[in-house]
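Since the structure comes first, as C-alpha cells, the remarks are kept for the end.
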Amino acid sequence: MELTEKAQKRISILRDHALNAHPDDMRGPHQKYCWLRGWLDASGCFSSVRRHGLAQAAMLENLIPVIDPGELIVGKPCYAPLSGEQQAFVDRFRDAGGFSALDTGAGGQASHMAVDYEKLLSLGINGVIAEVEDRLAGLCPTVPEDLEKEEFYLGCLAALRGVNAAAKIYSDHALKLASCEPDAERAAELRTVSETLSNVPSNPARSFREALQSVHFLTFLLNGLYQLGRPDRYLWKYYSHDIAAGILTPEDALELICCRDILDTEYIPRGLAIGYMVGGRDSTGRPVENELTHLFIKSIGIVRLAYPGTALAVHSRTSDGLLRLAAEQLAMGCSHPSLFNDEVITNGLRKYGLPAEKACEYVQSTCVEITPCASSAVWVATPYINLPGLLLEELSDISSGAQPAPDDFEAFKTDYRRRLREKVDAEAANANRDQLRRFERGGDPLVSCFVNDCLARGKDIDRGGAVYNWIMPSFVGVANLCDSLVTIRDMVYGGELSFSELSRALDADFEGCAELHGLISNGLDKYGNDVDGVDCLVSEITSWIAQAVERNRTYRGSRFVPSLFCWIMHEMLGSSTGATPDGRRAGFPLGDGSGPAQGREKKGPTASILSSTKWDHTPFIGGIAVNLKFSKSMFGEDSVEKLLAIIRAYLLRGGFELQINVVDAETLRAAMADPDSYRDLVVRIGGYSDYFTGLNPNMQREVLLRTEHAL
C-alpha cells in the first residue's frame, strides 16, 4: 500500500516543518502565562486539587490555536512570545521572588502512561462531565470525607469544561481559516477540521477521523508525556465501520495516522520520548492483529522521525507478515519499532497482581517502562541508581581503611549487596517524601478524569486515586558492574592485583597503567560473549536488585518495581563516575541498558543475545532495554531473514525487549562532521530514539563505539 502522490507531498511538507521545530517546553509561553494567572486567581481555594483544576481551565479557555498549512489532525502549542503587558506581569512576579515561592506540588513524576481513551471515545467530555455531576450530587456535606471529594469533583468539572472551550476555539479558528482560504480543496479540509472539533472531544466519536482527532486533542491538552496506549484496539471499530461504509480507505487512514504522528515532533522537546504500542494479545490469549496494526507499523517508514516511539508487542502467534513488516522498517534504517515480549510482560504483570484482562492492556511509558493502560499513576525511573558508582564507594572504603577488605569474593559481593540495599532504601524514602508532598500540594483533575478509579474513589491521581501506584527505580550500568566484578574476582582475589593497586589505577584513570588496562580490557572475559562464568554474575546482580526493591512500599501503599534501562542517564551518570574496574575510563558513559557494554560483545549478535537472556527478565516490569546495532552496508537480500531469526531467538529465550539500529559507523562520522545534512538521522539510545546530531559529543561517541554486527 502506498500513499497517493498528493499525500506523500503533504507528509513531506509537514515532516520538514516538524524537523525545523525545536520546542523547549510542551507548553507555549501563553499557556504558561494563563495557567499562572489562573493559579493566582484561585489562591483562595480550599484545596490544591481544585486550584489546579481552575488553573488548567484558565489555560484551556484562553488557548491560542495553531493550524499550519496541510494539517488534517490539529492541536499543538503556540510558541509566539507574550505581549509586552503579559511579559511585564511575568517579570514582576519573577523579580518579586514569586516563582521560588510558587509551590504547585512539583516533585516526583507525572504522565508516562496512557489514559482511558476508550472512555473518551465512547462518552466524550460531556459524558464525563455528566458522570462527575452525578457523583457530586450524591455527596453529603456533613460527611467529612465528602468535602475532599467535592473539591476534587469541582476541580474536574472546571478542567473538563476547559477542554470543551479549547475544542471550540480550534473549531472556530479552522472555520475562519477556511473562509479566507483561496484554495478550494484546502478550504474543504479546514471545514472538515472545524466540523470534527465541533463534535469531538466534547461528544462520542462517530468516525475514524473523529476518534483519532479526539485522542490527539486530549493528549495534547494534558501537557505531558502521555502515550497513546493501544490505538489498533480502541480505534479498530471506527476504522472497520468506515471501511465497510466506504467513507474511508486504508490509504486515507494511513495519511491521517502520519499527520497525527508528525505532531509529536512539533511540541515534544528533544531528548524525551512519546509513543504507542500495537499488537499483543487479548485477555483470552488471542492475537490482537488487524489492518490498523499493520498501518501503524507501516507509518514508521513514512514519518521517519524520532517520535512517536512505536512499539510492537510480539508473541508466539504474531504473524510472520507483521513481524516481517517490522523487520523491514528496521532494515530501512528506522529505529522503530521496538520489540516487546508480550508473554514475558504479561507474566510479569500477573506476578505483580494484575488480572488477565488488565495484564494484556499495557504500554511502554515513553522508553521501555511498562504501565497498565487507563489505570496508572506509576512513577517510572524513580530514581536512577548508579551500580558501578556504588562499587567505587565500596572500593574507596576498602582502600581508605574505612572497612576491611573482605576475605573472599563471596564476602565482597555480600558487602556490595548490603550497600545496594541501603541505597535502594534511602531512595525509596526520598520518593515517598515526594509522594507525600504531591498528596498535600499537587493535583491533576483533568488527567484524573481518565484514570481508573479516580472518579469512583473521589480522589485525585496525586492523592492515590489510581489503581496502580508503583514506583520504578532504574538501575544503570549492570554490564559495567558485572565486568568489574570479573576483574575483582579474577585478578584481585586471583592474586594478581591488590585492592590498593586497583584503586591507584582507577584514581589515575589508568594513566601509567597501560599494561594493566590492556589486560583488563582485552584479557578478561566480558558480559555479552556467552561465557557462563561471566553471565552468571548478571543473574546474581539482577536477583540482588529485585530483592532489594521488593522490600519497600510506596507512600500510596503500593510496591516498588525494578527496571534496567537508562534513557540518557548512562551518559549523565557516566560523566560523573570515575574509572571503573572493567577498564572503562572516567567520564565515559556507562552501559546503555541491560545488554553488554559498548563494543564488548566480540562473538556476534547470537552470543550477545544468549548472554542477555540467561537471567529472568519477568520481575523487571520497570523496563529492560537491549540494543543491537547492525551495519547497514552489510545488509543483503537475506539479511531480513537473519534479522527475523535473531528477533525470534531473543524473544523465545525470554528476552523482555529488543531495539535494533541499522546504521553504519561511516554514516555516524559523516553526521558528526556535517550535522545539517543529517538532521533527521535517528538512532537508538538507552530505551528511546533521538536525533544523532542533537546528541552531545560524548553521547555521539558512545553510540559510535557500540559493536556493529554484520548479517
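The values are calculated or read from the model by the stated rules, or taken from the named source; none is laboratory data. Since the structure is predicted, the reported quantities are computational estimates derived from the model, not experimental observations. Every residue, glycine among them, receives a Cβ derived from its backbone with ideal geometry; neighbour counts consider all protein chains shown. Heavy atoms of the whole protein, side chains included, go into the accessibility calculation; ligands, DNA and RNA do not. Shrake-Rupley method; radii C 1.70, N 1.55, O 1.52, S 1.80 Å.
Here the relative contact order of the stretch 1-133, from alpha carbon pairs under 8 Å that lie six or more residues apart, stands at 22 percent.
Distance between the modelled labels on A546 and S396, one decimal in nanometres: 3.1 nm (7 Å Cα→Cβ projection).
Residue separation of V640 and A80 scaled by 0.36 nm, minus their Cα-Cα distance, works out to 197.0 nm of gained length.
Carbon-plus-sulfur accessible fraction, the chain (probe radius 1.4 Å, protein heavy atoms only): 50%.
Rolling a 1.4 Å probe across the protein heavy atoms gives the chain an accessible surface of 36 Å² per residue. Here the dipole of the stretch 571-659 is about 260 debye; that uses its Cα centre as origin and unit charges on the Cβ of Lys and Arg (positive) and Asp and Glu (negative). Model label points for E666 and E511, set 7 angstrom from Cα along the Cα-to-Cβ axis, are 3.7 nm apart.
Rounded to the nearest 500, the 222 nm mean residue ellipticity of the chain from helices alone is -16000 deg cm²/dmol, with -39,500 (n - 2.57) taken per DSSP H run of at least 4 residues. Between N522 and A411, the contour length at 0.36 nm per residue exceeds the alpha carbon distance by 37.3 nm. Each of H709, A184, C454 was scored by the projection of its Cα onto the charge dipole of the chain, and the greatest displacement toward the positive side belongs to C454; charges sit on the C-beta of Lys, Arg, Asp and Glu. Over all other residues within a Cβ to Cβ distance under 13 Å of H336, the charged ones net out to -2, with Lys and Arg as +1 and Asp and Glu as -1. In this structure, the pairs whose alpha-carbon distance is over 21 Å, taken from K9/K629; K119/K237; K9/K237; K76/K298, are K9/K629; K9/K237; K76/K298. Here r is the Cβ-Cβ distance between R317 and D616 and R0 is 22 Å; the resulting FRET efficiency, rounded to 0.05, is 0.45. Where a ≥ b ≥ c are the square roots of the eigenvalues of the C-alpha gyration tensor, would you call the stretch 465-611 rounded, which needs a/c under 1.5, or, failing that, prolate if a/b is larger than b/c, or oblate? Prolate shape, in that a/c is at least 1.5 and a/b is the bigger ratio. A dipole drawn for the stretch 573-711 from +1 and -1 charges on Cβ atoms has a positive end, and of I685, T577, L628 the residue lying farthest that way is T577. A crude spin-label estimate for the pair A356 and A245, with each label 7 Å from Cα along the Cβ direction, gives 3.4 nm. Other residues with beta-carbon under 11 Å from the beta-carbon of G523 carry, at +1 per Lys or Arg and -1 per Asp or Glu, a net charge of -3.
The Rg/Rh ratio of the stretch 576-673, with Rg taken over Cα atoms and Rh as the Kirkwood radius over Cα pairs, comes to 1.00. Each Cα pair under 8 Å and six or more residues apart adds its separation to the average, and for the chain the resulting relative contact order is 15 percent. Taking Cα centre as origin and charging only the Cβ of basic (Lys, Arg, +1) and acidic (Asp, Glu, -1) residues, the dipole magnitude of the chain rounds to 980 debye. A dipole drawn for the stretch 17-175 from +1 and -1 charges on Cβ atoms has a positive end, and of S83, G53, A167 the residue lying farthest that way is S83. If a spin label sat at a point 7 angstrom from the Cα of K6 along the line to its beta carbon, the backbone N atoms of the stretch 226-262 nearer than 20 Å would be those of 243, 246-260.
Each Lys or Arg adds one and each Asp or Glu subtracts one; over the other residues with Cβ under 10 Å from the Cβ of D582, this totals +2. Annotation: for a label point projected 7 angstrom from Cα along Cα→Cβ of R457, residues of the stretch 324-365 with backbone N closer than 18 Å are 352-355, 358-359. Summary value for the stretch 217-294: 42 percent relative contact order, contacts being C-alpha pairs under 8 angstrom separated by 6+ residues.
For a straight C-alpha distance cut-off of 18 angstrom, the aspartates and glutamates reachable from K602 (same-chain residues fewer than eight places away being disregarded) are D483, D525, D530, D532, D535, D582, D592, D664, E702, E708.
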